[in-house]
Amino acid sequence: MIYKNKSDLLRAHIKSNDIVLDVGFLGQGIKENDQRWPHFIIKKFAKDVYGIDLEISPEYKQNPHYLEASAENFSFPVKFDVIFAGDLIEHLSNPGLFLDCCKKHLKPNGKLILTTPNTFNLFNLTEKLSKREPTVNPDHTFYFNSKTLTKLLEKNGIKKSEVNFLYTLGYEHKESWKKKLLNMLYSFLALFTDKFIETLVIIATL
């Protein structure tokens, strides 16, 4: 399945009675007052919402539902129906520690939703033809595909239940003319295969 954007992804997997943890909630490359902000969407649909980020503003520090902490070492007094980590795992020093924290905080049959760049997306493959390495966010520490991320989850006692893709991050960002051309190309290819889509979506359970 290919989700159009993060908004569609979250709407599909968050129910009105869910307690949800959003890990790295202040990131996502979008301003807090934008209705496409994933945390805004989660708060709109979930029963109760918690959040973690490395640095949070005073307004969040005063709220016990929010924690200024590393994704690799956090603790809440509740367990969650859904933990969402959008474009986070590729930034971590030790993703296994992060998954261990998620495992401790998920309810039985709880759902972990991860999004991360697809290593073999069309943009990376095209850039590899003209450069030694594709353009990458300087803060990224890992490349993932469905096989490696599935194996990482299994080694940490978490089952993969779905592998999907995300067509677009769902917000405005500057793109070169080459990137815009590639967007049109992979939107056409998506009619036949999802393997070149830019963002990987893993839905996992305990």
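Could you say whether any residue in the stretch 55-64 is crowded, with 19+ Cβ neighbours inside 10 Å and either under 16 Å from residue 206 (Cα atoms) or aliphatic (A, V, I, L, M) (or both)?
no
Restricting the search to the stretch 108-147, which residues are among the charged types (D, E, K, R), surrounded by 15 or more Cβ atoms within 10 Å (Cβ to Cβ) and free of Cβ contacts under 8 Å to residues at least 60 places away in the same chain?
127
Of all residues in the stretch 78-87, count the ones that are in a loop (DSSP other than H, G, I, E, B) and modelled with pLDDT of 95 or more.
Going through the stretch 78-87 one residue at a time, the tally reaches 2.
So which residues in the stretch 9-64 are farther than 21 Å from residue 107 by Cβ and among the basic types (Lys, Arg)?
Within the stretch 9-64, 31, 36, 44, 61 meet the criteria.
From the set of residues in the stretch 67-116 that are under 16 Å from the mean Cα position of the chain (by Cα) and of a type in the set (D, E, K, R), which is nearest to residue 143 (Cα to Cα)?
Top of the filtered list is 90.
With the condition being touching a strand residue (DSSP E or B) at 6+ places or on another chain (Cβ under 7 Å), I'd like the helices (runs of 4 or more DSSP H) fully within the stretch 94-169 carrying at least 3 qualifying residues.
Answer list for the stretch 94-169: 95-105, 146-155.
Kindly list the number of the only condition in (1) of a type in the set (Phe, Trp, Tyr); (2) within 30 Å of residue 186 (Cβ to Cβ); (3) modelled with pLDDT of 95 or more that fails for residue 25.
(3)
When residues of the stretch 110-133 are filtered for being of a type in the set (Gly, Ala, Ser) and closer than 23 Å to residue 25 by Cβ, how many remain?
Residues meeting the conditions: 1.
Check the stretch 32-40 and report whether any residue there is touching a strand residue (DSSP E or B) at 6+ places or on another chain (Cβ under 9 Å) and surrounded by 16 or more Cβ atoms within 10 Å (Cβ to Cβ).
Taking every residue of the stretch 32-40 in turn, at least one turns out to be touching a strand residue (DSSP E or B) at 6+ places or on another chain (Cβ under 9 Å) and surrounded by 16 or more Cβ atoms within 10 Å (Cβ to Cβ).
Assuming residue 155 fulfils every condition listed in (1) surrounded by 12 or more Cβ atoms within 10 Å (Cβ to Cβ); (2) touching a helix residue (DSSP H, G or I) at 6+ places or on another chain (Cβ under 9 Å); (3) within 29 Å of residue 78 (Cα to Cα) apart from one, which condition is it?
All conditions pass for residue 155, except number (1).
Do you know which residues across the stretch 145-196 are at pLDDT 90 or above and under 22 Å from residue 130 (Cβ atoms)?
Within the stretch 145-196, just 145 meets the criteria.
The values are calculated or read from the model by the stated rules, or taken from the named source; none is laboratory data. Everything quoted here is computed from the prediction, not taken from an experiment. Positions of Cβ are generated from backbone atoms using ideal geometry, with glycine treated the same way; all protein chains shown enter the neighbour counts.
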